[in-house]
Amino acid sequence: MAEESLNANEVVLAEETGHVSVITLNRPRQLNVISSRVVELVAKYLEKWEKDDDTELVIFKGAGRAFSAGGDLKMFYAGRKDDFCLEVVYRMYWLCYHIHTYRKTMVALVHGIVMGGGAAMTVPLKFSVVTENTVFSMPEASVGLHSDCSFSYILPRLPGYLGEYLTLTNARLSGKDMVAVGLATHFVPSEKLKELENRLLGLNSGDENAVSNVIEEFSIDVLPEEATILNKLQTINKCFCKESLEEIIESFEAEGWNNGNEWIWPVLKVLKRASPTGLKITLRSIREGRNQTLPECLKKEFRLTMNLLRSVVSEDVYEGIRAFSIDKDNAPKWNPPTPGEVSNEKIDLIFKPFSPELELHLPAEGEASRWDGKYEDSVYPSLRENK
């Protein structure tokens with residue numbers, strides 16, 4: 001096996017054997033959170049392998065007990081004063097587009113935690129394999145951010161209003177739930193995951209039928225009655241279809257008093273303690289995403305992330321990171337503190353399009369421009385130099 005990344009301490013390891021390449025997120029002590037270097041290397045390897053005729057199959061996995069816990073929040077906090085994170089934000093959204101549209105067969109082997117940007121590297125793949133140890137969530141709104149990295153495109157396409165529920169409440173899904181709702185394709189017991197990987201390596205092919213057949217040998221059917229989240233979908237739809245955040249919270253709380261709905265109270269507690277600004281931005285983004293294309297969602301999400309990190313209308317994102325990841329007092333002081341105090345005018349400002357040169361530049365259709373639009377070719381490097 002030829003190993004591209006010879007440094008075992010590198011944050012991403014890349015290995016090639018025959019027609020199969022393996023990419024390993026390698027920050028196990030940090031739950032494989034996504035740093036600027038991680039994004040840079042993943043994009044580099046995926047471009048190389050898509051252009052390489054010898055590579056037919058790409059396997060994605062994470063070292064340690066997580067696939068990836070999402071973006072490196074401490075990195076964002078450290079760079080809050082000087083646009084330090086501008087580059088990684090641009091690169092990550094550009095990378096998300098290529099993961100969704102990748103031209104080679106890809107398989108994600110997802111054990112342990114998979115959140116936010118980490119899930120953006122698994123959910124869009126043709127094959128995403130989860131286990132009994134897999135835990136999925138979208139915690140961004142809870143810390144003042146929004147559901148990013150293409151999830152304003154993915155979540156509205158789940159059954160009913162489940163997408164709104166997941167992103168507003170930070171609800172967790174098990175591996176079986178992920179398969180049942182369409183966020184993963186196969187459930188494989190964790191003790192079989194390494195054997196499955198070895199079989200895929202030995203397959204030495206990217207033929208989708210052959211890959212599917214191998215995974216099917218190891219997978220276990222997930223029965224609908226095991227998908228606990230789907231058993232609650234009627235109540236979720238009733239509440240989370242409401243037009244405003246305030247109406248959703250009011251309806252959800254009212255449902256909690258009905259027999260059999262005791263599960264609502266701990267979920268409601270998490271919903272009420274999240275950033276009101278983050279929640280309102282997230283809800284609008286998900287609702288817009290129902291009628292937007294993938295490129296439209298990515299460009300919108302890029303604007304939202306940039307504006308939030310630049311504290312255009314609120315510093316909630318940094319207060320959330322401080323409270324949950326830095327000081328860990330779990331007592332954020334949101335500004336404003338209630339949904340009713342978050343004005344529509346401020347939300348409109350966050351969604352306002354950038355001038356054309358400042359937008360995320362995704363490739364046009366066609367092979368010749370497939371990898372165009374990189375950060376280096378945008379105006380952003382010069383903007384940073386002038387700071």
Kindly put Cys149, Cys241, Cys297 in sequence by how many other C-beta atoms sit within 10 Å of each C-beta, fewest to most.
Cys241, Cys297, Cys149
In this model, which of Lys232/Lys300; Lys242/Lys346; Lys81/Lys126 are farther than 29 Å apart at the alpha-carbon?
Lys232/Lys300; Lys81/Lys126
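So what's the net charge close to Ser35: Lys and Arg +1, Asp and Glu -1, counting the other residues with Cβ under 15 Å from its Cβ? Before the final figure, lay out the partial values.
Values: positive: Arg27, Arg29, Arg37, Lys44, Lys74, Arg91; negative: Glu10, Glu40, Asp72, Glu87.
Result for the neighbourhood of Ser35: +2.
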How far apart, in nm, are the 7 Å Cα→Cβ label points at Asp327 and Asn198?
5.1
What distance in nm lies between label points placed 7 Å from Cα along the C-beta direction at Arg384 and Ala8?
3.1
Neighbouring Cβ atoms within 10 Å as the yardstick, rank Leu245, Leu57, Leu349 fewest first.
Leu349, Leu245, Leu57
For the chain, set up a GNM with springs between Cα atoms under 10 Å and report which of His100, His186, His146 has the largest fluctuation.
His100
If you build a Gaussian network model of the chain, linking Cα atoms that sit under 10 Å apart, which residue out of Ser205, Ser68, Ser275 swings the most?
Ser205
Please report the relative contact order for region 1-152, taking Cα pairs under 8 Å with a sequence separation of at least 6, and give it as a percent rounded to a whole number.
21
Take the alpha carbon atoms of region 36-107, find their center, do the same for region 303-356, and report the distance between the two centers in whole angstrom.
25
Alpha-carbon centroid distance for the pair region 118-190 / region 364-387, whole angstrom:
29
Dipole of region 274-387, positive direction: furthest Cα of Pro339, Tyr318, Gly366, with charges on the beta-carbon:
Pro339
Sum of side-chain charges, Gly206 neighbourhood, beta-carbon under 12 Å (Lys, Arg +1; Asp, Glu -1)
-4
Work from the charge dipole of the chain (Cβ charges, +1 for Lys and Arg, -1 for Asp and Glu, about the Cα centre) and give the residue of Leu41, Thr24, Pro356 farthest towards its positive end.
Pro356
Given the options Ser142, Ser355, Ser174, which has the most mean-square fluctuation in a GNM of the chain, springs set between C-alpha atoms less than 10 angstrom apart?
Ser355
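Among Met92, Met306, rank each residue by its count of other Cβ atoms within 10 Å, from fewest to most, as a rough exposure measure.
On the way: Met92 27, Met306 21.
Ascending Cβ contact count within 10 Å gives the list Met306, Met92.
Rounded to the nearest 500 deg cm²/dmol, what is the calculated helix-only ellipticity per residue at 222 nm for the chain, with -39500 (n - 2.57) per DSSP H run of length n ≥ 4? The partial results should precede the final answer.
Values: 17 runs with 161 residues, N = 387.
Helices in the chain give a 222 nm mean residue ellipticity of -12000 deg cm²/dmol.
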Magnitude of the Cβ-charge dipole (Lys and Arg +1, Asp and Glu -1) of the chain about the Cα centre, nearest 20 debye, reported as 980
I'd like the antiparallel share, as a percent to the nearest 5, of DSSP beta bridges with both residues in region 100-247.
20
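Assuming R0 = 30 Å, can you tell me the calculated FRET efficiency for the pair Lys126 and Gln234, based on Cβ-Cβ distance, to the nearest 0.05?
Numbers: r = 31 Å, r/R0 = 1.04.
So the FRET efficiency works out to roughly 0.45.
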How far apart, in nanometres, would the label points at Ser369 and Lys352 be if each is projected 7 angstrom from Cα along the Cα-to-Cβ direction?
2.8
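Coordinate-derived values only; no laboratory data. Just so we're clear, the structure is a prediction, and the values are computed from it rather than from any experiment. Glycine gets a Cβ as well: all are built from the backbone with ideal geometry, and neighbour counts include every protein chain shown.
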